[in-house]
Amino acid sequence: MNNVIVLNIVRFLSLGLAQVLIFNNMNFGSYINPSVYILFILLLPARINGSLLLVLSFITGLYIDYFANSMGLHASVCVVVGFIRPSIINLFFRNQEFASNEGVTPFSVGWQGFIKYSLVLVLAHQVLMFYLEVMSFNNFFFTLSKSLLSSAVTLLIIVIVMLIFGKRRRF
């Protein structure tokens, strides 16, 4: 139990710092803004208490908001992602039994399942974030293209991070 808590604290701090120090400062024109910190929410245990999931999602977004000076944008989007996460897990992994502290990782559900799960949540995160940021549908296709490109880059970075730092099952 304590190992899971320590692992998630380290994951929270390292992904948040990577987001603030590296990914927020990357300039790919005005189109691509990767949000790698969402990986913290994606990797939380599958059977986590719903209230705790929402609180952790809020704190994660607030952590990024504090350093990005975005006045609650990330916090609100992370809460929505935390809210829909159990439904997405149920949709994709209905027949899968997770241990009490087992997260949704490529090594627990397979790469195909993990990528589908991540794609839906990352896409929801990015679309909601960019449309809340502009608060308008005037440039609908520009904002949609920003969301899609940022989602693709975010998902690519998440896969690379999981390949490098992911913990494989040992039989």
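Only the coordinates and a few stated rules stand behind these numbers; no lab work does. In this text the structure is predicted, and so the values were computed from the model without any measurement. Glycine also receives a Cβ, built like all others from the backbone with ideal geometry; neighbour counts cover every protein chain displayed.
Worth pointing out:
- Burial ranking of peptide ranges 86-97, 36-47, 15-26, 57-68 (average Cβ count within 10 Å, highest at the top): 36-47, 57-68, 15-26, 86-97
- Amide proton proximity set for residue 103, modelled H, under 5 Å, gap of 5+: 46
- Length added when fully stretched, residue 17-residue 31, from 0.36 nm per residue minus Cα-Cα: 2.8 nm
- Membrane-span-like helices in the chain (whole DSSP H runs, Cα extent of at least 30 Å along the helix axis, mean Kyte-Doolittle hydropathy of at least -1.0): 111-134, 140-165.
- Note: relative contact order over the range 2-165, using C-alpha pairs below 8 Å and six or more positions apart, is 25 percent.
- Per-pair calculated FRET efficiency, R0 = 25 Å: residue 67 and residue 157 via Cβ, rounded to 0.05: 0.85
- Whole-angstrom Cα spans of the range 2-165 along principal axes, big to small: 45, 31, 29
- Over the chain: helical MRE at 222 nm, DSSP H runs n ≥ 4 each giving -39500 (n - 2.57), nearest 500: -23000 deg cm²/dmol
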